[in-house]
Amino acid sequence: MILGEGYTAIVLRQPQQALEGIEVPEGDLLNRRLLFPVKAPQKEGAFRLRCNIYYQQILIQSRLVRAVVARDGLPREGALQSVIDYALSHTLWAEHLQSLAPHRLSILLNSNGDGTHTLSFLGAEGNDLFKDSAVMPATELKIPVENGRKGLWKVSWGEEKPWREDGRLTYRYANRFPDRASDLKRLEEDLIFLARRGYILYNAIIDKFTRSRGKSSELARLMLNPGMVQIAIRDSPTQILPASLFYDYPLDTQADGYKICEAFLAALQSSMPLHQAACFAGQCPHSRRDANGNPDGYICPSGFWGYRHSLGFPPSLADGMDVPAEIPMDEGPRMVVGAATNLDRLDDHMRALREIRRDAVWSYSEKRMEIIHNLRKEKGRTHLIYFYCHGGITANNLPYLQVGDGTGSDFIDGSNLRAYEINWDGPQPLVFINGCHTTALDLEKVINLVADFVSAGSAGVVGTETTIFEPLACSFAEACLSYFLKEKCSIGDAIRMARLKLLGEYNPLGLVYTPFVLPSLHVRESVSNSPQRDRGRERREMESPGSPIE
């Protein structure tokens, strides 16, 4: 379909199978309505189908259609219902959609309410289109997903168990070794360990979806070059795939003796930024099997989606909302910052963040009510909300962020946004939650906090898969926000390059960050205010088609 001015739409072509064996309606109905065939089961009851609407490989709307099938053919109230249960745009306004940057792939995992999940893929590169869907038992995903996250736990603090503040567990990457060889040995061991977990996770999904090894190979070729990837989130943490851990280069998970890619090692030991290395541009020598069709015994970090692609996990938006394509900044960035005072690196970290943009206007506080006041006072002007804090769960199972000195109840939870009428409609700020030493605030709890910020009108939230520690929190945020606010990279690109910057420092744990936001989101600064080229805008102008849009 092609969208024109206002809310008009024209069907460019009908699916051939939709017109076979039917009487073509008179008039221009075929120009106004897109038809597709549906085969009803040979029994009575209520049945469902899913209809996904994409633009430039971005899932814009997902509709669940429910129909009553009966033998008598008599009219029934509610016999046909269509409900939007995932949406990045409720208006489907052409000018808004045209501002969204093209993606390489979109993935939707949704529960069917009967113990199964439906996984939908749509991807494209050039003229090659890859699309399909599959139904799988939820239990088939549960163990690989859990083991993937447990792998991050082990790499971070040495155990495949949740973090405990009992003094027995320590952050494994708190310090560098005195010699580079020991740093490299630790990194190699952890990358090989994570690659095994990531390949098992990828294998659990990919063949169930494609239903053939040939199609799996097609998808792997499609995904070889870097691109933006949308992992659509409806409303459940069980539908969040740790896609940054997907490892899709050929790997024998039972074999020993794996080595690290020599091309990556050469880039690592040079002064080259890793995002410029050939491996991370789709040119790794070990991305395919050897001459005999076997895995070649090498691991490369470019095999992880989190290092090769710009990922985003945008949640579904409430009725009437459209996902923002950009955050306009006409007079430099304005930030609301809330912090916990009992973090050792607080002062140094704040100084480093201020250096990113010295022209930034900060509303900073370490007190709960002052932070809430700043959020309310600055609504309509804020571009970034940053929490450097702790987190936890209340007795009512409500996730919160803890600021202040950690001895009182300086808790901020999602319900506070509604209570104090904190909402955003322009600009819509990005929320960055850096919750250090947070034990109970796991991904299943964080998603509730994310939903509150998104429903209040934020552009999205950057959070983490697991407990994180100050050295990681500081290094990652400083790199990511520099790419985002100073270099004008999209948030997906900024997170990917921050991951690679940490990897260049022999730390693989940038993979724990999860952007609950469309990966193409970027800041747009007026030319008169910005001395640098707006890379996000330049990229969008190169890739976006003219109006009207298809």
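Considering 502, 485, 518, 449, the condition of being part of a helix (DSSP H, G or I) and touching a residue at least 60 places away in the same chain (Cβ under 8 Å) is satisfied by 485 alone. Out of 375, 353, one residue alone is under 24 Å from the mean Cα position of the chain (by Cα), part of a helix (DSSP H, G or I), at pLDDT 95 or above and within 30 Å of residue 526 (Cα to Cα). It is 353. Only one entry of 406, 435 meets the criterion of being among the small types (Gly, Ala, Ser), in a strand (DSSP E or B) and within 15 Å of residue 339 (Cβ to Cβ), and that entry is 435. Tallying residues that are within 33 Å of the chain's Cα centre (by Cα) and open to solvent by 50 Å² or more (accessible area, probe 1.4 Å) within segment 57-88 yields 6. Comparison of 414, 504 shows that the only residue that is more than 15 Å from the chain's Cα centre (by Cα) and open to solvent by 10 Å² or more (accessible area, probe 1.4 Å) is 504.
Residue count for segment 111-150, restricted to those that are over 24 Å from residue 53 (Cα atoms) and among the hydroxyl-bearing types (Ser, Thr, Tyr): 1.
Taking the listed residues 310, 287, the one that is closer than 19 Å to residue 219 by Cα, over 23 Å from the mean Cα position of the chain (by Cα) and of a type outside the set (Asp, Glu) is 287, with no other qualifying.
Residues in segment 381-403 that are modelled with pLDDT under 95, among the hydroxyl-bearing types (Ser, Thr, Tyr) and part of a strand (DSSP E or B): 1 in all.
Just checking, does segment 164-175 include any residue being within 19 Å of residue 244 (Cα to Cα) and open to solvent by 60 Å² or more (accessible area, probe 1.4 Å)? Among the residues of segment 164-175, not one is within 19 Å of residue 244 (Cα to Cα) and open to solvent by 60 Å² or more (accessible area, probe 1.4 Å), which makes the answer no. Mind checking whether some residue in segment 395-402 is in contact with a helix residue (DSSP H, G or I) (Cβ under 8 Å, 6 or more places away or on another chain) and within 30 Å of residue 281 (Cβ to Cβ)? No.
Considering segment 333-344, and only residues there that are in contact with a strand residue (DSSP E or B) (Cβ under 7 Å, 6 or more places away or on another chain) and not in a strand (DSSP E or B), the residue that is most open to solvent (accessible area, probe 1.4 Å) turns out to be 341.
Which count do you get for residues in segment 294-332 that are charged (D, E, K, R) and in a loop (DSSP other than H, G, I, E, B)?
Filtering segment 294-332 down to residues charged (D, E, K, R) leaves 296, 308, 319, 322, 326, 330-331.
Right, trim to in a loop (DSSP other than H, G, I, E, B) and you get 296, 319, 330-331.
Summing the residues that are charged (D, E, K, R) and in a loop (DSSP other than H, G, I, E, B) in segment 294-332 gives 4.
I need the full set of residues from segment 21-52 which are under 31 Å from the mean Cα position of the chain (by Cα), open to solvent by 60 Å² or more (accessible area, probe 1.4 Å) and modelled with pLDDT of 90 or more, in order please. Scanning segment 21-52 gives no hits.
Please go through segment 115-160 and give me each residue that is within 25 Å of residue 225 (Cα to Cα), assigned to a strand (DSSP E or B) and of a type outside the set (Ser, Thr, Tyr), ordered by number. Answer for segment 115-160, where residues must be within 25 Å of residue 225 (Cα to Cα), assigned to a strand (DSSP E or B) and of a type outside the set (Ser, Thr, Tyr): 119, 121, 122, 123, 124, 125, 128, 129, 130, 131, 132, 134. The conditions of being of a type in the set (Ser, Thr, Tyr) and open to solvent by less than 10 Å² (accessible area, probe 1.4 Å) are not met by residue 483. Entry remark, segment 226-239: residues being under 13 Å from the mean Cα position of the chain (by Cα) and modelled with pLDDT of 80 or more number 7 in total.
Of the candidates 291, 266, the single residue that is at pLDDT 95 or above, open to solvent by 40 Å² or more (accessible area, probe 1.4 Å) and either part of a helix (DSSP H, G or I) or farther than 30 Å from residue 525 by Cβ (or both) is 266. Remark: pairs (first residue in segment 365-390, within 16 Å of residue 332 (Cα to Cα) and hydrophobic (A, V, I, L, M, F, W, C); second residue open to solvent by less than 90 Å² (accessible area, probe 1.4 Å) and assigned to a loop (DSSP other than H, G, I, E, B); Cβ separation under 7 Å; 6+ apart in sequence or on different chains) = 384/333; 384/429; 385/429.
Return yes or no: is residue 337 in contact with a helix residue (DSSP H, G or I) (Cβ under 9 Å, 6 or more places away or on another chain) and of a type in the set (A, V, I, L, M)? Can you show your working first?
On the way: in contact with a helix residue (DSSP H, G or I) (Cβ under 9 Å, 6 or more places away or on another chain): yes; of a type in the set (A, V, I, L, M): yes.
So residue 337 passes the test.
The values are calculated or read from the model by the stated rules, or taken from the named source; none is laboratory data. Just so it is clear, the structure is predicted and the values come from calculations on it, not from any experiment. Reconstructed Cβ throughout: ideal geometry from the backbone, glycine too, with neighbour counts over all protein chains shown. Keep in mind that these areas ignore ligands, DNA and RNA; they rest on the heavy atoms of the full protein, side chains included. Shrake-Rupley method; radii C 1.70, N 1.55, O 1.52, S 1.80 Å.
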